[in-house]
Amino acid sequence: MSVARPPDPGSSRRSLLLLAAAWPLAREASAQGTAIRAHAAKARLDRARTRLDAVQAAHRAWRDLRDAAAQGRQSVSSTQDWSTRHASALDALLKANAAATEAFALLQSRLVANGQAQVQAKEALPAWHATVTRLALAGPADLRGATEATDASLARRRTADRQFHAACAAAREADARWRGRVFEARMQADSARQTLERLTGSAAGVLRQDGDVRSRLEAVLLAHGKTLAERHVAVPVPRVSLPAAPALALLRPLVVDAPAGPPRPGPRPGVELSDLSTQRERMADEWAQVRDAALYLQLAAEPAARSSAERAALAARAPALEADLQVLARRMDETAQAARSWWSAGPAAEAAWLVRRKAELAPRLAPALVQAGQDFATVQQAAEQVLPSLAEAEAAAQREWQAAHAAVHGSAPATAQRAAPSHSSNATASISPGGSAAAPRISAHAYQEFDVFDREDPDYAAYTYVLLRSEGDLADPKVQRRWENLLTVVRTQIPASQVTDRALRAQLHLFCLPMRAAAAGTPARYHGALGHQLKVNACAGILTNVALKQRLTGSAGPFLLTLPARMTASNSRTAVLFADLAPHAEDAVADLAYAYMTGLLKDFPRDQALWRPPVVQRVALTLVQVASAAGSLVQTVLPAAQAR
């Protein structure tokens, strides 16, 4: 049986001493472990954030590329539609020109007949006068024969007169028909030229979009490959490439660098042939009247003293009328020749140019649109194939980042803090005036002038109200010039009166111009009262950005206020893009307007934002301002130096 040994006091003391010595080391080791774990967690959070940013960027790039390709396909369809419209307009023009040519040939033949009928009527008068004189001098034996001769010659004269008057009426009717055919031909020519301009503009847009999609595809593929190499995603880079596009290169000179067409034909010759025919008829009747009156005075038993003055007046009037009739005949020939020359050099030449333009454009346009459509379809299909996998990768990266955030900060972040907006692959732009609107997809621009509040046409993708601080500011030459330069650009867009298809409106952005209705032949003017009415509605219920409101009174404008819906359908949650063109040079306004429109085609704000020109354009404008300031300084310094 063993007996327990009492503890050694020395051993316990040594253990305590060892524990006391080891405690700082253990505490330090624990602190180091905690720091290492915190550092690892922070590193994990940084990696998760980097990965999430990379995946979101790739997802967004492919989504934007898909949308650009879809817009390109819409542009191809729109261009094909413009091609069909132009072909129809050109066919209508050729038919109208053929009808006008036929009407002019009829007019010429009737003018010739009119002249011949006048000669016949003129020749019938002396014969009748001769028989009347014979009848007046006839004795009993010759009375019957003289009467029969007079009756026959009178019948011939009346027949000639009726034929002359009928020929005058027929000439006037033919002139009216020709003028009507010319008016119809000019209307069809305007339609053909406008549809050609829309066609070439739309085709040029397709070329730009195709080049943009090609360059963006290359950039997206490179960025995706880099993201894959850095192991941020496991989604393989899709095998997609676009072939060379010679058809697009062949089309470019015809729609981008094409020379301007012939100028629009001027108005028809001012004198109407129908007016000249009426003058001929009236003068011929007066000539016959004078000759008949002179014959009457000659045969009447009137004292010579009483009739001598009348005889002298009639004797002088008849040759004058005959000379006037000859002058009028030459004038009618010259007018007809001028009308023929105008038609050949103007409308007929314009139609021939349009036919040649179509013959040049048609064989290059069709294959180019097919090539562009295939490019857009290929890119859109590739994007739609990779987007679901990227969406899953983004969701996984989001979960990883949330977990890493919780490990570092003790709680998960708000989901919306790092989440990117989701887009369905088949999403279309929708406008919700009651809240923030999805960005409208805009393919082109139109304009409408109106003089009553809330009369803008509905169903457009977006609306831009073109405003000034006041109508009185137009007295400032600089403001007037900015305004005119802006109107010039806006009025080159599609007139709203030509956009009747609601589906087409949904792809267009509408410039709304408050203008006073003007009388025919006078230009419309800015409607100051309506402009103020629009601004008070914008300030009272839409604009929440105080700085934007202040610009409406602190600057002269022009202003561009863009909304995704009509002003009466918008509120304080509606996205707004606001541009103030006053700070920029007058001659730069046109380029700024084009840049503004181009920006709307690419993107639309999701809040209330002040538009700024692209960086390159801002640099150019700054250089122009510096150069202008330097020029003013030189002009100021040199005269002062010369004065010394």
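The values are calculated or read from the model by the stated rules, or taken from the named source; none is laboratory data. This one's a predicted model, so the numbers in the text were calculated from it and none came from an experiment. All Cβ positions, glycine included, derive from the backbone under ideal geometry; neighbour counts span all protein chains shown. Side chains included, ligands, DNA and RNA excluded: accessible areas come from the protein's heavy atoms. Shrake-Rupley method; radii C 1.70, N 1.55, O 1.52, S 1.80 Å.
Points to keep in mind about this one:
- Overall, the anisotropy analysis places segment 144-271 in the prolate class: the square-rooted eigenvalues a ≥ b ≥ c of its C-alpha gyration tensor yield a/c not less than 1.5, with a/b exceeding b/c.
- When each of the peptides 107-119, 338-350 is scored by how many other beta carbons lie within 10 Å of its residues on average, the order from highest to lowest is 107-119, 338-350.
- Distance in nm between pseudo-label sites at T278 and A57 (7 Å out along the Cβ direction from Cα): 7.9
- Eligible aspartates and glutamates near K226 by straight Cα distance, threshold 18 Å, same-chain separation 8 or greater: D53, E218, E394
- Gain upon complete extension [L143, R330; 0.36 nm per residue less C-alpha separation]: 63.0 nm
- Our estimate of slack between T500 and A293, defined as 0.36 nm per intervening residue step minus the Cα-Cα distance, is 67.9 nm.
- Per-peptide average of other Cβ atoms within 10 Å, ordering 189-199, 212-222 highest first: 189-199, 212-222
- Taking every protein chain into account, the accessible area of segment 126-251 amounts to 54 square angstrom per residue (probe 1.4 Å).
- For segment 367-407 versus segment 534-590, the inter-centroid distance based on Cα atoms is 36 Å.
- Accessible surface of segment 439-540 [probe 1.4 Å, protein heavy atoms]: carbon and sulfur percent: 50
- Gain on full extension, evaluated as 0.36 nm per residue between D459 and A312 minus their Cα-Cα distance, stands at 45.0 nm.
- Cα gyration tensor shape for segment 499-588, rounded if a/c is under 1.5, else prolate or oblate: oblate
- ³J(HN,Hα), Karplus 6.51/-1.76/1.60, whole Hz, each residue of segment 246-261, x for Gly, Pro: x, 5, 5, 5, 5, 6, 3, x, 8, 10, 9, 10, 5, x, 5, x
- Once the C-beta distance of A155 and S344 is scaled by a Förster radius of 30 Å, the resulting FRET efficiency is 0.10 to the nearest 0.05.
- For segment 47-58, Karplus couplings with θ = phi - 60° (6.51, -1.76, 1.60), whole Hz, Gly/Pro x: 5, 5, 5, 4, 5, 4, 4, 5, 5, 4, 4, 5
- Computed in the context of the full set of protein chains, the accessible area of segment 45-163 at 1.4 Å probe radius has 54% of its extent on carbon or sulfur.
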